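*Asks:* Before I ask anything, here is the structure I am working with.
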Amino acid sequence: MLNVTHIDLGGCEGCSVALLRAMLNAKNCNFKSRLTGEFDGDGDVVMVSGPICMNDSEKIEMLKELRKKAKLLIAFGSCAAVGGITRYCRGGQQPKPHHMTFQPINAVVTVDYAIPGCPPSPRMIQPFMNALANGKQSNYIQIFKAVAEVKKLSGFDLIDDIVLQNICISCGACVLSCPTGAMHMVSGKPDLIVEKCIRCGTCYVRCPRASQLLIRRYLK
Amino acid sequence: MSKSIPTAYKEVFKMMPSWYLEKPLGDYVAIYMGKAGRKIAAEGAAGGGAITSFLCYLLDNGIIDGVVAARKSKGLEGEIVVARTREDIIKSAGSRWQVLPFTLKLKETIENESLRSMAIVGLPCQINFLRQMKTFPLLETDFSNKISMLISLFCFGTFAQESILSYVREKYGIEPSSIEEIKISQKALKFIGNKEVEIKFDEITKYTQVGCLLCPDYTGVASDISAGTIEDKTFIIVRNNEANEMLKDANKKGYIEIENVNETEIERVERKATEKIKRASRYIAQLL
Ligand code: SF4
Ligand code: SF4
Ligand code: SF4
Ligand code: SF4
């Protein structure tokens with residue numbers, strides 16, 4: 001039995017809903033969430049969704065406390081994992097602060113696994129929990145470990161790191177994995193429609209070259 | 001094996017921890033040499049080989065309702081084909097499963113064809129991506145539950161299209177736009193266009209895509225079944241018991257003929273796989 005606890009720091013609730021949908025029926029997990037009124041900050045696995053506001057000292061302290069208690073801290077969803085759209089979008093909405101004050105949670109604490117996706121599909125949660133429970137480090141869970149080390153990840157990075165370095169093999173995995181249609185193929189190579197990119201990072205972890213480099217760079 | 005592949009190998013496995021240290025062919029439960037069985041050979045699909053026949057078996061027995069694979073459309077360009085009947089499969093068998101990246105149109109194709117349970121034949125990089133998707137479906141639209149079997153073809157690299165096309169134009173005077181077909185055999189590519197020219201692989205390996213030089217996976221370790229052609233037979237690596245049972249049943253029912261493989265053959269493929277791992281390790285060190 002894994003004791004899993006969840007807190008949302010101020011995301012759009014998409015991630016919270018995804019988690020609730022998956023975790024309330026999850027096998028081998030004892031799930032508590034602030035959303036179900038059961039949050040107590042204790043848990044072997046702490047799932048954090050939403051970005052951290054760097055002006056909010058109370059939240060920052062809380063996050064640090066959670067880190068101290070947690071055996072594993074998981075950044076769930078693009079906002080918590082890599083900043084996602086919250087950090088990026090501009091609309092002059094009230095209330096301020098500016099979006100740049102929102103950062104991925106690894107700006108404040110060490111993260112064990114970071115799962116991109118806006119939100120990650122509920123279907124990936126049970127297999128992820130199973131992988132944590134049986135402790136098998138094989139198979140693609142290592143990618144999430146590597147993402148925990150980076151502070152940004154998006155279509156922009158994919159273009160920079162893979163396409164412009166000429167190590168793209170034109171497989172189309174990124175195009176297939178982009179939820180907004182921001183990636184498309186131009187003359188056989190991916191190109192980014194910048195206005196459409198919500199900086200979720202899904203394309204990056206799905207690219208066979210990029211994920212390989214991520215692991216090689218960050219998991220020594 | 002382990003003594004002959006020193007640090008280079010370990011380096012690459014640090015980069016791909018999901019893969020299996022000191023197992024250049026990945027994890028497997030059985031290895032066979034296979035070819036099309038009586039049942040299929042009688043229907044004139046001799047060119048297709050063991051995998052084509054095995055796919056027919058999967059369809060006939062209702063294990064899958066379609067096969068998705070890439071095929072050459074024109075020149076070096078590929079397209080996705082969905083084969084839904086054994087006639088389709090046998091028909092496309094002669095054209096060989098094409099070595100070209102193709103994941104791009106997959107989602108559309110699967111939706112349009114309303115497939116429920118399919119086998120996908122692809123290259124190691126594609127199979128790796130599809131396995132990742134199947135393991136952790138990050139998107140609501142990921143169609144992981146529709147994939148019943150992933151079959152990987154051995155791959156040592158694919159060509160950078162533009163470079164190779166301009167090379168054959170410069171050197172042999174073949175106009176890229178005139179190319180009707182490119183035939184792939186084990187040792188050469190045959191271009192058929194305004195001229196017909198056969199070019200040995202050795203001559204053109206330098207036009208391998210740079211991305212492929214970083215790729216350490218020769219057989220497709222994330223597959224259910226991996227297959228590569230050796231002479232006129234198919235070297236088959238089976239990675240789980242379920243797939244193994246199916247192969248055995250297909251053998252029993254006359255779709256394929258499989259026999260055990262001797263150590264020397266296995267070592268030959270291992271050497272090739274190790275060579276690719278070392279190459280990847282070299283190039284990745286340059287990049288980082
Ligand atoms: S990652 Fe997407 S779904 Fe999750 S909180 Fe952020 S904006 Fe919402
Ligand atoms: S290109 Fe698409 S998948 Fe990649 S970060 Fe942008 S929105 Fe996400
Ligand atoms: S997933 Fe990576 S290698 Fe494949 S087309 Fe996109 S950038 Fe290129
Ligand atoms: S060498 Fe690797 S990356 Fe290149 S086509 Fe083959 S499997 Fe894909």
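The values are calculated or read from the model by the stated rules, or taken from the named source; none is laboratory data. Keep in mind that this is a model prediction, so the values were computed, not measured. Note that we place each Cβ from the backbone using ideal geometry, even for glycine, and neighbour counts take in every protein chain shown. Each accessible area value is taken on the protein alone, full model and side chains, heavy atoms only, with ligands, DNA and RNA left out. Shrake-Rupley method; radii C 1.70, N 1.55, O 1.52, S 1.80 Å.
*Asks:* I want to check a number: in segment A:2-147, how many lysine pairs have alpha carbons closer than 16 Å, given a sequence separation of 8 or more or different chains?
*Replies:* Total qualifying Lys-Lys pairs in segment A:2-147 comes to 6.
*Asks:* Let me cross-check residue B:255: its accessible surface, 1.4 Å probe, with only protein heavy atoms counted, in Å² to the nearest 10?
*Replies:* 10 Å²
*Asks:* Still on this model: Treating cross-link reach as a plain straight distance, find the aspartates and glutamates whose alpha-carbon is under 13 Å from the alpha-carbon of residue B:278, omitting any fewer than eight places away in the same chain.
*Replies:* Hits, sequence-local ones excluded: B:11, B:22, B:217, B:270.
*Asks:* May I pose another question? Give, in nm to one decimal, the length gained when the segment between residue A:185 and residue A:133 is fully stretched (0.36 nm per residue of separation minus the Cα-Cα distance).
*Replies:* In short, 14.8 nm is gained.
*Asks:* In whole Å and largest first, what semi-axes does the C-alpha gyration tensor of the protein assembly as shown yield when each eigenvalue is scaled by 5 and square-rooted?
*Replies:* 42, 26, 21
*Asks:* How many nm separate the modelled label positions at residue B:163 and residue B:113, each set 7 Å beyond the Cα in the direction of the Cβ?
*Replies:* Each label point lies 7 Å from its Cα, and together they span 3.2 nm.
*Asks:* Given a 1.4 Å probe, how much area per residue of segment B:95-219 is accessible, in Å²?
*Replies:* Solvent-accessible surface per residue comes out at 43 Å².
*Asks:* Same structure, new question: Hey, got the average number of other protein chain Cβ atoms within 10 angstrom for residues in A:160-170?
*Replies:* Mean inter-chain Cβ contacts per residue within 10 Å come to 4.
*Asks:* Could you order B:229, B:234 by accessible surface area, starting with the largest, using a probe radius of 1.4 Å?
*Replies:* Sorted descending by solvent-accessible area, the residues read B:229, B:234.
*Asks:* If you don't mind, another one. Using the beta-carbon distance between residue A:64 and residue B:210 and R0 = 45 Å, what value does 1/(1 + (r/R0)^6) give for FRET efficiency, to the nearest 0.05?
*Replies:* Computed FRET efficiency for residue A:64 and residue B:210: 0.55.
*Asks:* Further question: Using only protein heavy atoms and a 1.4 angstrom probe, determine the accessible area buried between B and A, summed over both sides, in Å² to the nearest 100.
*Replies:* For chain B against chain A, roughly 3900 Å² becomes buried.
*Asks:* Next up: Give me the dipole magnitude in Debye, nearest 20, for the protein assembly as shown about the Cα centre, with unit charges on the beta carbon: positive for Lys and Arg, negative for Asp and Glu.
*Replies:* It comes to approximately 700 debye.
*Asks:* Each label point is 7 Å from the Cα along the Cα-to-Cβ direction; what then is the distance between the points at residue B:288 and residue A:108, in nm?
*Replies:* Label-label distance for residue B:288 and residue A:108, simple model: 3.2 nm.
*Asks:* At a probe radius of 1.4 Å, what is the per-residue accessible area of residue A:21, in Å² to the nearest 10?
*Replies:* 140 Å²
*Asks:* If the only charges are +1 at each Lys and Arg Cβ and -1 at each Asp and Glu Cβ, what is the size of the charge dipole of segment A:155-218 around the Cα centre, to the nearest 20 debye?
*Replies:* Approximately 200 debye in magnitude.
*Asks:* For a quick protection proxy, order the peptides B:134-147, B:114-127, B:200-213, A:45-58 by their average other-Cβ count within 10 Å, most packed first.
*Replies:* In decreasing order of mean packing, B:134-147, B:114-127, B:200-213, A:45-58 become B:114-127, A:45-58, B:134-147, B:200-213.
*Asks:* Using only atoms on other chains, find how many Cβ atoms lie within 10 Å of each Cβ of peptide A:110-120 and report the average.
*Replies:* Average per residue, whole number: 2.
*Asks:* Any chance you could look up the accessible area of residue A:102 with a 1.4 Å probe, heavy atoms only, rounded to 10 Å²?
*Replies:* The value for residue A:102 is about 40 Å².
*Asks:* What does a probe at residue B:262 reach in segment B:217-242, counting residues whose amide N is under 18 Å from the point 7 Å along Cα→Cβ?
*Replies:* Inside the label zone: B:230-236.
*Asks:* Which value, in Å², gives the accessible area per residue of segment A:2-147 when a 1.4 Å probe is used on the protein heavy atoms?
*Replies:* Ligands and nucleic acids excluded, the result is 42 Å² per residue.
*Asks:* In chain A, carbon and sulfur make up what percent of the accessible area (probe 1.4 Å)?
*Replies:* 53 percent
*Asks:* Sequence gap at least 6, Cα distance under 8 Å: using those rules, report the relative contact order of segment A:155-218 to the nearest whole percent.
*Replies:* 37 percent
*Asks:* If you find the alpha carbon centre of segment B:250-280 and of segment A:8-57, how far apart are they in angstrom?
*Replies:* 47 Å
*Asks:* I've got another one for you. Could you pull out every one of the aspartates and glutamates with an alpha carbon less than 14 Å from that of residue A:189, ignoring same-chain neighbours closer than 8 positions?
*Replies:* Reachable aspartates and glutamates: A:160, A:161, B:77, B:162.
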